[in-house]
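See structure below.
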Amino acid sequence: MRLPFLSMFMTSPFEGLQEHAEVVKDCAWSFQEAVECHMSYKCSRFDSLRGDIIEMEREADTIKRRIRGHLPKGTLMPVDKFQLFRYLREQDSVMDSVEDALNWLALRPDEKIPMELQQDIFHLVDTVVDPIDELSSMVTEARKYFNNYKEKQRIIVKDIIRTLRLQEREADRVEHTIKTKVFNMDVDPTTIYHVVRLAEIIGSIADHAENAGDMMRAMIAK
């Protein structure tokens, strides 16, 4: 008989995962605003918003280290510790990719994304922000599942994982659209490379969110 997960720990590792997921989720608004700010000639807050993201990433790293360092040794767990750490790595990589995207934009502070591509970039950012929000919901519902092991709760988690997969496909589609457009524009090679790489970094946010979903699926598998 499987024992309730949370009863095995004085402090459940899923509490740490939830805390980490909330920090990752908090970065979404600042990320959206920072990208929009960089593309605007009237906004001067890009560096400040980027600094906020860097601080959030540091906070997330602190939580990650605490989770890794405080799993009780020899404690029976209904999930494989390797799977737990793989999940945490992918969730943390979401935050890393957000920071990477802003750092990449910062390399060309005086060069704006071509106007013809700005709406597509905004769309791509929107498509990867949705998975960031879903991660927090997924951990919340997974905690409930490991409390009661009810099939109804497991289905809720699986539905969120399925949503993450669909969101990643949409992000891939928008990323491909941006690359196709920029290669057919009359712009300099540096701008082409900068836009292509930016699209890839932003798209990787959804990739890592989907990977986190895959690891969660493995953890809730019967």
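Okay, here's what the table says:
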| read-out | value |
| --- | --- |
| Residue pairs meeting the criteria (Cβ under 8 Å; at least 6 apart or on separate chains; first within 23 Å of I220 (Cα to Cα) and of a type in the set (S, T, N, Q), in region 56-81; second modelled with pLDDT under 85 and outside any helix (DSSP H, G or I)) | T75/F9 |
| Of residues in region 34-82 being over 21 Å from D126 (Cα atoms) and of a type in the set (A, V, I, L, M, F, W, C), the one modelled with the lowest pLDDT | L76 |
| Unique match (being within 15 Å of H123 (Cα to Cα), touching a residue at least 24 places away in the same chain (Cβ under 8 Å) and among the hydrophobic types (A, V, I, L, M, F, W, C)) among V195, V187, V182 | V195 |
| Residue identified as modelled with pLDDT of 95 or more, more than 14 Å from the chain's Cα centre (by Cα), surrounded by 14 or more Cβ atoms within 10 Å (Cβ to Cβ) and farther than 26 Å from A34 by Cα among I156, I178 | I156 |
| Residues satisfying the stated conditions in region 181-200, i.e. surrounded by 21 or more Cβ atoms within 10 Å (Cβ to Cβ) and touching an Asp or Glu at 6+ places or on another chain (Cβ under 7 Å) | A199 |
| Filtered residues of region 53-63 (kept if surrounded by 19 or more Cβ atoms within 10 Å (Cβ to Cβ) and either over 13 Å from V94 (Cα atoms) or over 15 Å from the mean Cα position of the chain (by Cα) (or both)) | I63 |
| Scan of region 97-120 for residues that are free of Cβ contacts under 8 Å to residues at least 40 places away in the same chain, more than 18 Å from E175 (Cβ to Cβ) and assigned to a helix (DSSP H, G or I), ordered by number | M115 |
| Hits in region 121-133 - residues which are at pLDDT below 95 and over 15 Å from S97 (Cβ atoms) | D133 |
| Of residues in region 128-143 being in contact (Cβ under 8 Å) with a residue 40 or more places away in the chain and charged (D, E, K, R), the one surrounded by the most Cβ atoms within 10 Å (Cβ to Cβ) | E134 |
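The values are calculated or read from the model by the stated rules, or taken from the named source; none is laboratory data. From a predicted model like this one, the values you see are computed outputs, not experimental measurements. Cβ sites come from the backbone with ideal geometry, for glycine too, and all protein chains shown count toward neighbours.
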